[in-house]
Amino acid sequence: MTPTSPKILIASLGTRGDVQPYVALAKELVARGADVVLTTGEGFDDMIAAAGATSRQVPINIQKLLQDKEIQEALFTLKGKFRAARQNFDLQKRIVDCFWNIGLQERPDLILFNLKATVMTLVGRRLNVPALPTALQPVSVPTGEFPLALFGLPNLGRTLNLMSYRAGRTLMKVGLAPLFKSIRHEASPELSQPGSHLDGYMPKDGAIPSLQAYSRAIVPPPDDWPAEAWTCGYWFTEPDAGYKPPEPLARFLTDGPSPLYLGFGSMPSKDPAGLTAAVLAALRLTGQRAILASGWGGLTTGELPDDMSERVFLLEKAPHSWLFPKCSAIVHHGGAGTTHEAVRWGKPSLICPVFGDQPFWGQQIHKIGAGPAPIRQKKITPELLAAALKSLKQSDYRAGAERAASIMGTEPGASGTADRLMSLVSKQTVG
């Protein structure tokens, strides 16, 4: 780095799918001469270092948290969500404190943050530097075309769709207000400024760009979006040309027709053994070959029944960008990253959502003709899943996925976004 390298601070929190796209963007920014600091939870240091960026940890390990029984209960019941929020309140305050202190210590020229790190708006105000909101799903810019993607709602019509964004913002403000108390004495001028900390900050009251990091092939930009909503396309990690798969996996892939991929990523299951049994029963009904990825506990990793050992491969992990091109179709939970990775390679998807934005992605994949209607994970039965797996063979779904992939290939992605951000930070520094 040279003394004139702009410093860019990226703040994101969540599972691998919430962090990896920001690492991809960081790598592109570093390649253009930026000094990039990425602050997130534990477990991502190696990935961040490989991108040439600096890691600043906040005190949370999402993988361990999701394996906690009470947190898992929170995913499935309203009562559990309230209990988990109360029990983890002190942890959330520490994270806010940590983000605040890291921002002031690093003194960046530009800040990018997701909705789990909105305290960075206050850092931007304190330092008088741009702090831009980013989103891997449509949650930050209201529209009448579809509801807020976090609630799993159907299309409610223009008026109610817009109201869903207002409701979401109100809930976030109410939830975040007590977390900011710990820094209120330090950030009181910033907290009292007009405007929402959810919206970011631009010096001199300029329009605040918001980075929409998902594909227009899956979510076409609404007509009522403002000009400052940047449609970036997804920030993909490029395939690792040097990756060598375990020999058993390589052999399975070459021993027969392209298999299905079934995996639920970071989503734990309320009944992993029952879910795995239902998946295997569905595969018996269809006769298809499949790779079952255990993820963070959604599927069990015990021995396969004798009648399935030749047709099913149990996988702990492998890069999606390497594996998905070798599969016939992708069955997954509907995280933004997995959804985009499947479409990237022109593969039809069946989404089995659990919560949050996952039902939205399932609806969108079906809407663009890249897969059947989603099946909620809790509603999976062998017969229902088998019917959906058979439908993935339809040429119309493959054509829909390939059509979306061709659009996706023309989008700015991490590279084009990095170019635009470097131009913005250059103008701000000169100004």
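The values are calculated or read from the model by the stated rules, or taken from the named source; none is laboratory data. None of these values were measured; they are calculated from a predicted model. No Cβ is skipped: glycine too gets one built from the backbone with ideal geometry, and neighbour counts run over all protein chains shown.
Annotations for the structure displayed:
- Out of Gly369, Gly416, one residue alone is out of contact with any Pro (no Cβ under 8 Å at 6 or more places or on another chain) and in contact (Cβ under 8 Å) with a residue 40 or more places away in the chain. It is Gly416.
- Residue in region 364-377 that is surrounded by 16 or more Cβ atoms within 10 Å (Cβ to Cβ), at pLDDT below 95 and over 13 Å from Ile218 (Cα atoms) present: yes
- Any pair with Cβ under 8 angstrom, 6 or more apart, that starts in region 119-144 at a residue that is farther than 13 Å from Gly200 by Cβ and ends at one that is of a type in the set (Asp, Glu) and modelled with pLDDT under 95: Arg126/Glu190; Leu136/Asp18; Gln137/Asp357; Val139/Asp357
A quick yes/no check of all residues on (1) free of Cβ contacts under 8 Å to residues at least 40 places away in the same chain; (2) in contact with a Ser or Thr (Cβ under 6 Å, 6 or more places away or on another chain); (3) not in a helix (DSSP H, G or I):
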position	(1), (2), (3)
Ile10	no, no, yes
Pro21	no, no, no
Val37	no, yes, yes
Ile60	no, no, yes
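- Selection count where residues are assigned to a loop (DSSP other than H, G, I, E, B) and either more than 23 Å from Val279 (Cα to Cα) or in contact with a strand residue (DSSP E or B) (Cβ under 7 Å, 6 or more places away or on another chain) (or both), scope region 386-415: 5
- From the list Leu122, Leu115, the one residue that fits, being crowded, with 20+ Cβ neighbours inside 10 Å and either in contact with a Phe, Trp or Tyr (Cβ under 6 Å, 6 or more places away or on another chain) or under 22 Å from Leu25 (Cα atoms) (or both), is Leu115.
- Residue check, Lys427 more than 28 Å from Tyr22 (Cβ to Cβ) and part of a helix (DSSP H, G or I): no
- Just one residue in the set Pro226, Pro245, Pro178 is in a loop (DSSP other than H, G, I, E, B) and closer than 30 Å to Asn128 by Cα; that residue is Pro226.
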